[in-house]
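Structure first, commentary second.
Read the figures in this text as sums done on the coordinates, not as results from a lab. The shown structure was predicted, so the numbers you read here are calculated from the model rather than taken from an experiment. Reconstructed Cβ throughout: ideal geometry from the backbone, glycine too, with neighbour counts over all protein chains shown.
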Amino acid sequence: MKNTMGWIVGAALVAGCASMAAPGPKATAKLAPTTGNTANGTVTFTQKGAKVAVDARVAGLTPGNHGFHIHEKGDCSSGDGMSAGGHFNPLGKPHGNPAVPDHHAGDMPMLVADASGNATLVVELDVMTVGGGETDIVGRGLIVHKDPDDFTTQPTGNAGGRVACAVITRS
């Protein structure tokens, strides 16, 4: 009986570990500066269950807060980043802070650049997905804005010009 109980406990532990959410699909974006700007960096997106882990490393910014959004088109061909279109909003939600339930799928927390112009953001976000469904961000644009996002002005947050652009690709 003791060996049987040990086997049952061992099997339960293995099954429990197997059911833990392993990282899912990944995507990457290589930010390049728009005309007249120096912002650049790399952002990775990893599906983790119902959330997406975002890891952003950006340099060449002016010190302070910068709006940071996923845009509807994966197109950085224009010098000003406008070819990326508006914010990615497949669910028709208002623009807002990603910390509140009602917001665009493309709304993200602000990048905060230090005195040297470097910003790091590590966060898990909901609404968006990597690699499937109507909120899939693969193939979309990623924009860093010149100014802070007020998270109120519709539909953009009044975040100013676009200082860097990238296309999000599956990795």
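In terms of surrounding Cβ atoms within a 10 Å radius of their Cβ, Glu134, Glu124, Glu72 rank from fewest to most as Glu134, Glu124, Glu72.
If you run the Gaussian network model on the chain, springs between alpha carbon atoms under 10 Å, then out of Met108, Met128, Met82 the most flexible one is Met82.
Any idea how far the Cα center of segment 139-168 sits from the one of segment 73-109, in Å? So the two Cα centres are separated by 7 Å. For the options Ala32, Ala99, Ala59, a Gaussian network treatment of the chain with springs between C-alpha atoms closer than 10 Å singles out Ala99 as fluctuating the most.
For the chain, the longest principal axis of the C-alpha atoms and the axis of helix 2-18 are separated by about 10°.
Put simply, the amide H of Leu31, placed in the peptide plane, has neighbours under 5 Å in Gly41, Thr42, Val43, leaving out anything fewer than 5 places away on its chain. Counting only lysines at least 8 places from Lys93 when in the same chain, those with an alpha carbon closer than 26 Å to its own are Lys26, Lys48, Lys51, Lys73, Lys146.
The 3J(HN,Hα) values that the Karplus relation (6.51, -1.76, 1.60; θ = phi - 60°) gives for segment 83-94 are, in residue order, 5, 7, x, x, 4, 6, 8, x, 9, x, 8, x Hz. Gly and Pro appear as x.
Among Gly133, Gly49, Gly74, the largest mean-square fluctuation in a Gaussian network model of the chain, built with springs joining Cα atoms closer than 10 Å, belongs to Gly133.
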